[in-house]
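S.K.: Dropping a structure here in C-alpha cells format, bear with me for questions.
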Amino acid sequence: MLGFDPVTHDYRMIARLKQYLQTLIQYGGSDLHIKANAPVYARIEGDIIPMTKESMSAEDVKLLAKELLRTRYEELIKNKDVDLIFSLNEEYRFRANIFFQIDGVSAVFRVIPTQIKSIDELGLPESVQKITELKRGLVLVTGITGSGKSTTMAAILDAINNTRAEHIVTIEDPVEFVHKNKNCIINQRSLGQDTPSYARALRAALREDPDIIVIGEMRDLETIEMALHAAETGHLVLSTLHTLDAKDTINRIVSVFPVEEQNRIRLILSSVLEAILSQRLVKTVDGKRTAALEILFKTERIASMIAEGQDMDIRDAIEEGKIYGMQSFNQALANLYARGIK
C-alpha cells in the first residue's frame, strides 16, 4: 500500500483537484470526471467534454483518493466505492463518489449549489406550490440521476421553511443542500456520518416529534414500508426514486413487495400518496437546460386506479387532470415551447 502521512503530506493532488473544480465552475459545469489513465472531463450543459489534454496517471488518481478519504481509504478498499462531500470554499460544495473500475480508481464530483433557488426561480409549474401546503401524506420527486430531483426537493423544503412552523427531519446520503432554521426547525442527518441506515434513522425520526420527514431515496423494502407507515400516521413524507414517470413509480414501489403483499401496499399507497413530480432536464433555445415535469396529484380517480392496479390508465388521468394542477410530459414540453423556452 502506498504510504500516506496526513500530518506531513502536502496534498498536491487536492490542490490540483481544486484547480479543476474552479474551472468547472467558471464554465458553468455540473460534474467533473476523473479516471485513471484518462484526461479529466467535465459535463457542461449536459455534454461531456475534455477539460485536459494530458491523462491523469493511475497513481495520481489513487493518491487523490487517499488525500480526500484519509482514514476512510480502507472503506474504499473494502466496499469499492465511497460517497463524500468536498468543500471547495464557503460558496461551493461537491457531492463526490470515488470508486474502483477496470483501470484503477475513478472519481466524479457534482456541484451542490449553496444558494437554494425558489420554485419560481426554477421555473417550475405554479401547481408545485400546492405541495408546500400539504400537512400529511407521501410526495415523491422522481427522475434519472442528474435530472434535478435534489434541487426541486430543496426548493419545496425552503418554501415550507419560509411559510410554516414545523419540525423537519431529513435523512440523506449525503446531505446536499444545507437548510438553515427559518420558521421551521430542521435537523439534517447524513447516512454513514450521523446514522448507519435509512431504516434506523426513520425509526428514530418517528420518536423525534417530526411534522415532515425527508428521505433522500427510498431504496429498499424496509425503507419504503416505513415511509408508508410514517405517512399513514399523519406525517408529511417527501422522498425520491429513480423512476421515469408516475406509472413507473407506482409499479416500482408495489413490485418491491412479495406478491401476497402487493394488494395491501396498493391500498396503503392509494390512501397516502398525495403527489408525484417526475422530471427530466431538456435543452432550451439558448443551450441551457430546464426541467420538464410530469405532475400527478391525488384525486378519487387516481386513488382508485392505484388501488385496483389500473396503472396503464394513469397517464390518461394525468392528461385530463389539468384542473387539479396535473400535466403530462408532452403537456410540459408544449408549455415550454409556448413560453419560448424549448
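Throughout, read-outs are computed from the coordinates displayed, never taken from laboratory work. Values in this document were obtained by computation on a predicted structure and should not be read as measured data. Because the Cβ atoms are built from the backbone with ideal geometry, glycine has one as well, and the counts that use them run over all protein chains shown.
S.K.: Pick out, from S87, M226, S270, the residue whose Cα sits farthest towards the positive end of the charge dipole of the chain, with +1 on the Cβ of Lys and Arg and -1 on the Cβ of Asp and Glu.
M.R.: S87
S.K.: Where nothing but the Cβ of Lys and Arg (+1) and of Asp and Glu (-1) is charged, how large is the charge dipole of the stretch 242-342 around its Cα centre, in debye to the nearest 20?
M.R.: So the dipole magnitude of the stretch 242-342 works out to roughly 580 debye.
S.K.: Write down the Å³ per residue value for the convex hull defined by the alpha carbon atoms of the chain.
M.R.: 152
S.K.: Sticking with this structure for a sec: Based on other C-beta atoms within 10 Å, arrange E300, E274 from fewest to most.
M.R.: In increasing order of surrounding Cβ atoms, one gets E300, E274.
S.K.: E59 to E217: FRET efficiency via 1/(1 + (r/R0)^6), r the Cβ-Cβ distance, R0 35 Å, to the nearest 0.05?
M.R.: 0.55
S.K.: Straight-line reach only, C-alpha to C-alpha below 24 angstrom: list the lysines that K117 could link to, leaving out same-chain residues fewer than 8 apart.
M.R.: Candidates past the 8-residue exclusion: K130, K135, K149, K180, K182, K283, K288, K342.
S.K.: From zero up to wherever the largest Cα-Cα distance of the stretch 12-112 sits, split into 5 Å bins and tell me the percent of pairs in each.
M.R.: 3, 13, 26, 27, 20, 9, 2, 0
S.K.: For the stretch 136-247, rounded, prolate or oblate, judged on the Cα gyration tensor with a ≥ b ≥ c (square roots of eigenvalues), a/c < 1.5 rounded, else prolate if a/b > b/c?
M.R.: Rounded.
S.K.: Could you name the lysines whose alpha carbon sits less than 20 Å from that of K53, not counting residues in the same chain fewer than 8 places away?
M.R.: K18, K35, K62
S.K.: Can you give the charge dipole size of the chain about its Cα centre, rounded to the nearest 20 debye, using +1 on the beta carbon of Lys and Arg and -1 on the beta carbon of Asp and Glu?
M.R.: Charge dipole of the chain: 580 debye, to the nearest 20.
S.K.: Across bins of 5 angstrom width beginning at 0, how are the C-alpha pair distances of the stretch 62-114 distributed, in whole percent?
M.R.: All Cα pairs, binned at 5 Å, distribute as 5, 20, 30, 22, 13, 7, 2, 0 percent.
S.K.: Given +1 on the Cβ of Lys and Arg, -1 on the Cβ of Asp and Glu, and no further charges, what dipole in debye does the stretch 283-331 carry about its Cα centre, rounded to the nearest 20?
M.R.: The calculated dipole for the stretch 283-331 is roughly 380 debye.
S.K.: Relative to the first principal axis of the alpha-carbon coordinates of the chain, what is the inclination of helix 221-232, with its axis defined by its Cα atoms, in degrees from 0 to 90 and to the nearest 10?
M.R.: 50
S.K.: For the stretch 272-281, what does the Karplus curve 6.51 cos²θ - 1.76 cosθ + 1.60, with θ = phi - 60°, yield as ³J(HN,Hα) per residue in whole Hz, taken in order and with x for Gly and Pro?
M.R.: Going residue by residue, I get 9, 5, 9, 7, 10, 10, 10, 10, 9, 8 Hz, with x marking Gly and Pro.
S.K.: Please give the length that would be gained between I77 and D194 if that part of the chain were fully extended, namely 0.36 nm times their separation in residues minus their C-alpha to C-alpha distance (nm, one decimal).
M.R.: Extending this stretch completely gives an extra 39.9 nm.
S.K.: A further question on this structure: Roughly what angle does helix 58-69 make with the longest principal axis of the chain, taking Cα atoms, 0 to 90 degrees, to the nearest 10?
M.R.: Orientation of helix 58-69: about 60 degrees from the principal axis.
S.K.: Among DSSP bridges having both ends in the chain, what percentage is antiparallel? Round to the nearest 5.
M.R.: 60
S.K.: Compute the distance in nm between two label points, each set 7 Å from the Cα along the Cα-to-Cβ direction, one at K117 and one at K288.
M.R.: 0.6
S.K.: Let me ask another. Show the residues, 5+ positions off or on another chain, whose built amide H is closer than 5 Å to the amide H of M218.
M.R.: Those qualifying (amide H under 5 Å, at least 5 residues apart or on another chain) are T240.
S.K.: With N set to the residue count of the stretch 214-262, report its C-alpha Rg divided by 2.2 N^0.38 Å to two decimal places.
M.R.: 1.12
S.K.: Of the options F99, I49, A38, report the single residue whose Cα projects farthest towards the positive end of the charge dipole of the stretch 12-112 (beta-carbon charges: Lys, Arg +1; Asp, Glu -1).
M.R.: F99
S.K.: Now for a different question. Mind checking the angle between helix 246-255 and the chain's longest principal axis? C-alpha axes, 0 to 90 degrees, to the nearest 10.
M.R.: 80
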